[in-house]
1. Got at least one residue in region 249-257 being buried (at least 17 other Cβ atoms within 10 Å of the Cβ) and more than 22 Å from Ala188 (Cβ to Cβ)?
2. Can you tell me how many residues in region 305-325 are in contact (Cβ under 8 Å) with a residue 12 or more places away in the chain and either among the charged types (D, E, K, R) or within 29 Å of Leu166 (Cβ to Cβ) (or both)?
3. Criterion first (within 18 Å of the chain's Cα centre (by Cα), assigned to a strand (DSSP E or B) and not hydrophobic (A, V, I, L, M, F, W, C)) does Gly79 satisfy it?
4. With (1) hydroxyl-bearing (Ser, Thr, Tyr); (2) closer than 20 Å to Leu311 by Cβ; (3) surrounded by fewer than 22 Cβ atoms within 10 Å (Cβ to Cβ) as the list, and Thr97 as the residue in question, which single condition is left unmet?
5. Could you give every pair whose Cβ atoms fall below 8 Å, whose first residue belongs to region 134-146 and is in the same structural domain as Cys161 (by TED's automatic domain parsing), and whose second residue is assigned to a loop (DSSP other than H, G, I, E, B) and of a type in the set (Lys, Arg), counting only separations of at least 6 or pairs across chains?
6. Answer yes or no: is there a residue in region 87-95 that is within 24 Å of Asp303 (Cα to Cα), in contact (Cβ under 8 Å) with a residue 12 or more places away in the chain and either in contact with a His (Cβ under 7 Å, 6 or more places away or on another chain) or in the same structural domain as Ala124 (by TED's automatic domain parsing) (or both).
Amino acid sequence: MPEGRRARAFWTDGAGRGEVREAVVPEPREGEVVVRTLYSGVSRGTETLVLRGGVPRGQHRVMRAPFQEGDFPGPVKYGYLNVGVVEEGPDGLAGRTVFSLYPHQTRFAVPAEAVRCVPDGVPAGRAVLAGTVETAVNALWDAPVLVGDRVAVVGAGMVGCCLALLAARVPGARVQLVDVDPRRAATASALGAGFAPPGEAEADCDLVFHTSATEEGLARSLELVADEGEVVELSWYGDRRVRVPLGEGFHSRRLTVRASQVGTVSPARRGRYGYGDRLDLSLRLLRDPAFDALVTGESPFEDLPSVLPRLADGSLPALCHRIAYT
């Protein structure tokens, strides 16, 4: 096997451990490309859930990543924020920097339609955020922020920060990022949004996006939204049961809680946008350098087995932790 066809891939066992394994990249078939990875991003919430084996049995099919190998709870090769350069492929793609929903692996082959070209003006290291921006775009299609709206984003993780940045670009919108970690105040400022701890957040919001994946965050979201307002739930709780406070003023205030999930294109835009179109839009939005505030650390690929458990237990705090490949 030629050296150029060898690769290394990261696998987790569903019991809190990970390892780098040898892999072989098959010869590309017609219509496929070979990609050498430059960077991948760790989607902290989802990937640490997979690391500990927390994907519910009834969601194993729904939660599969596009190029996942293995089955939940593990061993499994999982991930979906990958930026690389096309080493072999059709004219127009060879040599291009591309984003794909591929796991953490040094080199791989996929159908050409599975990669999207990173636009000029978007650094490869920033492009790892495309999958998270896509989640935020879908949420804003589900529940658009209007001119002058009062908006709270509860939970300053990757998705919450992307939402806050995009919502803050709407003229006249008052956007506040709400989180228990005071260090997120500097991040909010870099994104053009306000910041408050949960107990000090401004209420009477027209729209609240909840991304903290905590019962307390959801309860606070319902308190912050105005009468007849809407809370958009983007959190993924995995196998945890969540109590929702539907007593007190929930009914008299005529509140709405709705789900938003990136696995399907929002019905509001489904007639005009496919998955690839939505991802292309997300990549174009990443021309904004304010997104760099979401990348809070970087480690070499070979360190990933020790990095992911630290992200899971919180000893390595991060929004998007970027993995660099040599």
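The values are calculated or read from the model by the stated rules, or taken from the named source; none is laboratory data. Not measured: the values here are computed from a predicted model. In this analysis, Cβ positions are derived from the backbone assuming ideal geometry, glycine residues included, and neighbour counts consider all displayed protein chains.
1. Yes: region 249-257 contains one or more residues that are buried (at least 17 other Cβ atoms within 10 Å of the Cβ) and more than 22 Å from Ala188 (Cβ to Cβ).
2. 14
3. Spelling it out, it is not the case that Gly79 is within 18 Å of the chain's Cα centre (by Cα), assigned to a strand (DSSP E or B) and not hydrophobic (A, V, I, L, M, F, W, C).
4. Looking at each condition in turn, Thr97 falls short on (2).
5. Going by the 8 Å Cβ cut-off, the qualifying pairs are Trp141/Arg269.
6. no
Residue-wise test of (1) without any contact (Cβ under 8 Å) to a residue 24 or more places away in the chain; (2) part of a loop (DSSP other than H, G, I, E, B); (3) aromatic (Phe, Trp, Tyr).
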residue	(1), (2), (3)
Arg220	no, no, no
Ala226	no, no, no
Trp236	no, yes, yes
Val242	no, yes, no
Phe250	no, yes, yes
Arg254	no, yes, no
Gln261	no, yes, no
Arg269	no, yes, no
Arg272	yes, yes, no
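Results for (1) aromatic (Phe, Trp, Tyr); (2) within 20 Å of the chain's Cα centre (by Cα); (3) farther than 20 Å from Pro144 by Cβ, shown as yes or no for each residue.
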| position | (1), (2), (3) |
| --- | --- |
| Trp236 | yes, yes, yes |
| Pro245 | no, no, yes |
| Glu248 | no, no, yes |
| Ser252 | no, no, yes |
| Ser260 | no, yes, no |
| Arg270 | no, no, no |
| Pro289 | no, yes, yes |
| Asp292 | no, yes, yes |
